[in-house]
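The numbers here are math on the coordinates, done by the rules we state, and not lab data. Remember, predicted model here, so these are calculated numbers, not experimental data. Note: ideal-geometry Cβ built from the backbone for every residue, glycine included; neighbour counts use all protein chains shown.
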Amino acid sequence: MNSPESPFFNKGHLLYNFDQARGPIRAGQPAMIFEGFMDVISATIAGAEGAVATMGTALTETHVKDLAKITDRILLVYDGDAAGQKAAKRSIPLIRQQAPQVEIGVISLPDGRDPDEVRREQGVEALKAALDDGVLTPTEFLIQAAKNGKNLENQAAYLDFLKEAWPILAVASPVEQDYFLRHFSEDYGSDLAALQSEFQAYQENQPSQGPVETGSQNFDQPSDWVAPSGWSDNDLPAWQPEEGNSGGSQPYLATAPVQQFDSTLTRVERAEQGLLMAMIKSPAMLTYVKSLPDFAFVHPEYQLLMMLFEAYQQQAGPDFDLAGFLDFVQKPDLNQKVMAIDREFGTLEVQRDAVDDYLRVILKDAPYESQMATLDKKLSLARNQHDNAAIIQITTEIINLKRTYSHK
């Protein structure tokens, strides 16, 4: 895009097709960032409704922040050539720095092709399959990129590769660290204990500082909380209309700092807390959620609190009084939950968009968290039993589950 910039056209602030993609992204489609306009058109034909592209410039902080207001998943779909790979490597740490709550995936197309070439040469179904099945975690992508152009059968090249791999693995999850170290051992004949020792020595020799840029990622270690659209992971905002939209439904983030979220909660439980407070504060939201045929809170204490609130409302009327509700509940553990929820969500204006985001997190992410918990238990058991075959199998299942989850 070679149009000159002006006060009304700033490439670093605009994303091609964002006006059309915004709705599907808010509805749950991942935001998919492409390099070119024709790539977006081809991807949209292939069913990727959340496709956008930068306007002839690199991804910027503004681009990331705009997308992070409406999604918790961003997929990078850059060309398979060297320039595209470089752009992806640059974008991973940028997204993590500007939107740490966002999960990142990378789709690397084969043979150096771009998405438009895949559609024209191989057809729409081939492009759809590549976009659906080709999602890599940032660690997978960066490790593959570190291998490119190296003859790893050569000892010097292999040692150079390991030097590139250590900073990538240093910011990966323990599961992925274990997974890749075992694969290095199997694929290249290295002693696993020696690899683990060298990697540990690398970690111990690193100064205490922020994330390493080359491997900074969020997808590998899903955050405990996926913020609803427009939220910051550190500040509890008040909703205001977007600039230029005096009464629209899209939330705009006000930056008044408030108490930070409890990081010990999973994102499903965090969403349950926000949803419960919205139902308590808004009779309309209570009616709306209760009308959903398949909805139930995952954690039984929140289901119980909802039932208690309905009973309290019948007795005390529609106006919510925290002290009165606590007196009505009279259970210390539940009262502590209520007070914690009120501290973190009590000042938030109820918005239908935010409620829909809570529901999306609960309904879509609860099965993922349950499966991850089961696999984590199996992995711990396999490690205690020193069952290397089971460890490799389970870590592979975990990686595949994360990969599948990133594209939902």
Label points 7 Å out from Cα along the Cβ direction at residue 97 and residue 27: separation in nm?
3.5 nm
For residue 124 and residue 349, compute 0.36 nm times the residue count separating them, minus their Cα-Cα distance, and round to one decimal in nm.
76.6 nm
Candidate lysines for bridging to residue 163, where Cα separation is under 30 Å - those fewer than 8 sequence places away on the same chain excluded:
86, 89, 147, 150, 402
Past 25 Å, Cα to Cα: identify those pairs from 65/290; 69/281; 331/364, in the order given.
65/290; 331/364
Using +1 on the beta carbon of Lys and Arg, -1 on that of Asp and Glu, and nothing else charged, what's the dipole of the stretch 1-136 about the Cα centre, debye to 20?
480 debye
With the Cα gyration tensor of the stretch 32-73 giving a ≥ b ≥ c as the square roots of its eigenvalues, does the rule (a/c under 1.5 for rounded; else a/b larger than b/c for prolate; else oblate) give rounded, prolate or oblate?
oblate
The correct pair for the stretch 132-200, radius of gyration to one decimal and Dmax as a whole number, both in Å and from Cα atoms, is 11.8, 37
Collect residues whose amide H, placed 1.01 Å from N in the peptide plane, falls under 5 Å from the amide H of residue 103; neighbours closer than 5 in sequence don't count.
73, 74
List the trypsin sites (Lys or Arg not before Pro) within the stretch 317-356 that fall in a DSSP loop (any state other than H, G, I, E or B) and whose Cβ has at most 16 other Cβ atoms within 10 Å.
none
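Using +1 on the beta carbon of Lys and Arg, -1 on that of Asp and Glu, and nothing else charged, what's the dipole of the stretch 139-210 about the Cα centre, debye to 20?
For this selection, approximately 160 debye.
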Modelled FRET efficiency - R0 41 Å, residue 111 with residue 339, Cβ distances, 0.05 increments:
0.10
Can you sort 63, 299, 386, 183 so the residue with the fewest Cβ neighbours within 10 Å comes first?
386, 183, 299, 63
Out of all Cα-Cα pairs in the stretch 106-158, roughly what percent, to the nearest whole number, are more than 18 Å apart?
44 percent
Most exposed to least, judged by fewest other Cβ atoms within 10 Å, 204, 103 sort to 204, 103
So if I take the alpha carbon set of the stretch 268-389, get Rg, then get Rh from the Kirkwood formula, what is the Rg over Rh ratio?
1.10
Normalised by the residues of the stretch 1-136, what does the relative contact order come to in percent, with Cα pairs under 8 Å and at least six apart?
25 percent
Cα gyration tensor shape of the stretch 1-136, rounded if a/c is under 1.5, else prolate or oblate by comparing a/b with b/c
rounded
